[in-house]
């Protein structure tokens with residue numbers, strides 16, 4: 001994309017957002033453009049890449065993914081607080097299979113004076129690879145957003161004082177939201193957020 005076109009898109013976004021009563025800083029406008037660009041790129045990958053959920057396990061009909069408007073207020077920060085006892089719990093997939101994950105810790109978040117905790121899970125893949133996951137439901141689930149729930153990528157930092165940035169604008173649907181060929185982890189009732197998280201990806205199917 002040319003620099004001229006990038007500038008034109010940024011100016012257009014600035015006009016649109018300010019005309020809607022939003023008064024964003026230049027840094028926020030640049031952040032919004034970054035998220036918009038990542039969404040455009042994801043659409044291209046999902047439509048064209050042979051390993052995407054629309055092409056890999058049989059052909060599924062593609063249309064651009066649906067999103068809430070990008071809102072910088074949904075970028076929240078927290079340390080990771082460890083659970084004293086890290087329980088191994090059963091997480092069920094959408095096809096009924098049982099999986100095991102460790103409820104590793106939680107984040108203490110605040111959105112417009114409403115505080116809530118968000119669990120972080122640790123999973124060991126093939127006895128060697130450990131990875132961390134966030135999945136959740138909220139007050140938009142099964143209405144504006146996918147009925148199973150949504151996910152956010154999480155990278156663990158060994159620094160105990162590290163401040164994590166949790167960006168709900170990047171919340172995404174698991175592959176099973178697009179086609180029943182896939183199975184995905186179902187958030188537990190302890191993973192529900194009693195807030196309408198109007199950020200990130202919406203339902204794919206009506």
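The values are calculated or read from the model by the stated rules, or taken from the named source; none is laboratory data. Computed from a predicted model, the values in this text were never measured in an experiment. Methodologically, a virtual Cβ is constructed for each residue, glycine included, from the backbone with ideal geometry; neighbour enumeration extends over all protein chains shown.
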Q) In the range 96-113, which residue that is touching a strand residue (DSSP E or B) at 6+ places or on another chain (Cβ under 7 Å) and farther than 24 Å from residue 164 by Cα is surrounded by the most Cβ atoms within 10 Å (Cβ to Cβ)? A) 99
Q | residue 173 being touching a helix residue (DSSP H, G or I) at 6+ places or on another chain (Cβ under 6 Å) and in the same structural domain as residue 70 (by TED's automatic domain parsing) | A | no
Q. Can you tell which of 29, 9 is surrounded by 11 or more Cβ atoms within 10 Å (Cβ to Cβ), assigned to a helix (DSSP H, G or I) and modelled with pLDDT under 50?
A. 9
Q.
Residues that are outside the structural domain of residue 32 (by TED's automatic domain parsing) and over 16 Å from the mean Cα position of the chain (by Cα): list the strands (runs of 3 or more DSSP E) wholly contained in the range 61-162 that include at least 1 such residues.
A. 75-78, 80-82, 88-92, 98-111, 114-125, 129-136
Q.
I'm checking my understanding of the structure. Among residues of the range 79-95 that are in contact (Cβ under 8 Å) with a residue 12 or more places away in the chain and more than 19 Å from residue 131 (Cα to Cα), which one is surrounded by the most Cβ atoms within 10 Å (Cβ to Cβ)?
A. 94
Q.
Within the range 185-205, does at least one residue satisfy the condition of being free of Cβ contacts under 8 Å to residues at least 12 places away in the same chain, closer than 30 Å to residue 28 by Cβ and not in a loop (DSSP other than H, G, I, E, B)?
A. no
Q.
Could you check the range 54-78 and list, in sequence order, the residues that are surrounded by 16 or more Cβ atoms within 10 Å (Cβ to Cβ) and in contact (Cβ under 8 Å) with a residue 40 or more places away in the chain?
A. 54, 60, 65, 67, 68, 70, 71, 72, 74, 75, 76, 78
